[in-house]
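Q: Sharing a structure below in structure tokens format, with a few things to ask.
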Amino acid sequence: MVDNGILGGICTTHAPQLWTLPESEDPAVVARVRTSNQEIGRKLKSMKPDVCFVIANDHADQFLLHCNASFIFHIGKIAEGNFAGRSYTYKIASNDSLNLLRYMQNNNFDPAFTSNAKIDYAFGIPLDFTGISDIPLIPIFVNAYVPPQPSMERCVAFGRVLANGISSLGLRAVVVCSGGLSHYPGTERYADPGPDTEFDKSLMKVISREGLGYLLSLNEEKLEQTGNIELRCWGVAGGMIGDRIPDQTNFEPTWHHNYGTVSWTKQKKKTHFSPHYPPIHPERIVLAETLHTLTKNEKERKKYLLDPMGYVDSINFLNEEEKTALVELDQSKMIKLGLHPFISHSFIRVLERSGILKPEVPSKS
């Protein structure tokens with residue numbers, strides 16, 4: 001299992017109706033969202049994280065006229081807020097937040113920071129629904145509503161660098177992110193025609209198969225048209241979580257605001273990646289040069305074909321294993337030795353075109 005870095009996370013919604021529960025809100029939908037998020041939160045807490053990153057947007061409240069920034073770290077001791085008769089206070093991982101802020105500055109990002117900004121329901125609702133409130137938090141505000149907003153590419157890049165910083169500090173972290181899906185608060189389209197449900201359904205299907213990388217295809221115009229400007233928060237989370245396929249997705253449409261949830265609750269295992277086309281290994285340079293010469297130089301090729309064993313014995317610094325593979329022209333052996341497949345492949349194709357070797361016919365079984 002991964003020892004540190006991003007262990008898991010959730011991207012979900014923060015519609016105020018989830019707390020205010022007006023008569024127009026279906027209580028069964030709210031109950032399903034809460035139950036699902038509670039189970040996800042339980043799994044995330046079981047990963048024993050040191051810190052929880054809470055990523056959400058300001059609703060053009062605190063960061064509007066006086067000052068705004070694409071990304072804002074909270075570095076205070078506590079973060080407080082209140083909404084709809086609720087008051088809440090959360091402990092901030094202040095030192096870690098400040099260290100990560102410095103890391104971002106040293107890696108070509110200059111996020112703003114605050115010591116006393118309030119956090120609204122965009123942070124409070126997902127923390128309430130997941131039950132993650134007893135882990136030190138690092139809230140990060142993403143500018144979704146006040147142009148010029150960061151592009152999706154910038155959001156994902158910010159998340160990637162942040163994830164690198166988390167790993168470099170040796171932190172074990174989970175992500176709780178909120179925003180979206182489709183809705184148009186404050187506009188005439190909010191209720192009529194309402195959310196772009198067809199787009200959201202398609203989006204969730206792609207994310208369930210491919211992860212959050214698809215968000216990079218959404219430009220500013222598409223985010224605006226579909227009522228998904230808050231997905232910039234998901235973009236930051238996507239950069240942090242990487243190319244992992246979600247373990248769970250859920251979609252609940254409503255008349256005013258589509259609720260989407262994506263989660264990663266299974267800790268990523270360390271894997272060894274072996275590419276089909278490896279780099280040129282220093283210990284195989286002589287073998288690679290020999291094959292490359294035989295492919296390009298007809299005179300040398302004729303020498304080899306007259307006496308393969310004698311030819312390879314005349315090459316300095318080839319070991320016995322390499323000599324055997326070269327005499328037998330066993331491409332599998334050469335690949336196991338770490339030779340770039342195209343080198344042996346090219347020589348064998350030349351011999352096939354010359355009629356010296358019979359082309360390999362693929363099995364129909």
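The values are calculated or read from the model by the stated rules, or taken from the named source; none is laboratory data. As the structure is a computational prediction, the values presented were derived from the model and not from experiment. Because the Cβ atoms are built from the backbone with ideal geometry, glycine has one as well, and the counts that use them run over all protein chains shown. Note: accessible area is taken over every heavy atom of the protein model, side chains too, but ligands, DNA and RNA are not part of it. Shrake-Rupley method; radii C 1.70, N 1.55, O 1.52, S 1.80 Å.
Q: Which residue, N228, G239, F113, has the largest displacement toward the positive end of the dipole of the chain when charges sit on each Cβ (Lys, Arg +1; Asp, Glu -1)?
A: The Cα lying farthest towards the positive end belongs to G239.
Q: Turning to a different aspect of this structure: If you roll a 1.4 Å probe over the heavy atoms of the protein chains, what accessible area per residue do you get for the chain, in Å²?
A: Solvent-accessible surface per residue comes out at 50 Å².
Q: Ignoring any ligand, DNA or RNA, what whole percent of the accessible area of segment 158-197 comes from carbon and sulfur when the probe is 1.4 angstrom?
A: Whole-percent figure for carbon plus sulfur exposure: 47.
Q: Hey, how many Å between the Cα centroid of segment 176-214 and the Cα centroid of segment 291-363?
A: A separation of 56 Å, based on Cα centres.
Q: For the chain, what is the calculated [θ] at 222 nm in deg cm²/dmol (nearest 500), taking -39500 (n - 2.57) for each run of four or more DSSP H residues and dividing by its residue count?
A: Only helices count here, giving -12000 deg cm²/dmol.
Q: Quick one: angle between helix 285-296 and the longest Cα principal axis of the chain, in degrees between 0 and 90, rounded to 10, please.
A: The angle comes out at about 70 degrees.
Q: Oh, and also: If you place +1 on the Cβ of every Lys and Arg, -1 on the Cβ of every Asp and Glu, and leave all else neutral, what size is the dipole of segment 167-271 about its Cα centre, to the nearest 20 Debye?
A: The dipole of segment 167-271 has a size of about 880 debye.
Q: Let me ask something else about it. Where the accessible area of segment 43-99 is counted over protein heavy atoms with a 1.4 Å probe, how much of it, in %, is carbon and sulfur?
A: On segment 43-99, the fraction of accessible area on carbon and sulfur atoms equals 48 percent.
Q: Where a Cα-Cα gap under 19 Å defines reach, which lysines qualify for K48, not counting those fewer than 8 residues away within the same chain?
A: Those lysines meeting the cut-off are K91, K266, K268, K269, K270.
Q: Oh, and also: Quick check: at a probe of 1.4 Å, how many percent of the accessible area of segment 231-365 sits on carbon and sulfur atoms?
A: Percent of accessible area from carbon and sulfur atoms in segment 231-365: 55.
Q: Mind ordering 10-22, 179-191 by average Cβ neighbours within 10 Å, highest first?
A: By packing density, highest mean first, the sequence is 10-22, 179-191.
Q: With everything on Cα atoms, drop me the angle between helix 94-105 and the longest principal axis of the chain, reported from 0 to 90° to the nearest 10.
A: 50
Q: Something else: Relative to the Cα centre, what is the charge dipole magnitude of the chain, using +1 at the beta carbon of each Lys and Arg, -1 at the beta carbon of each Asp and Glu, and rounding to the nearest 20 debye?
A: For the chain, the charge dipole is close to 1080 debye.
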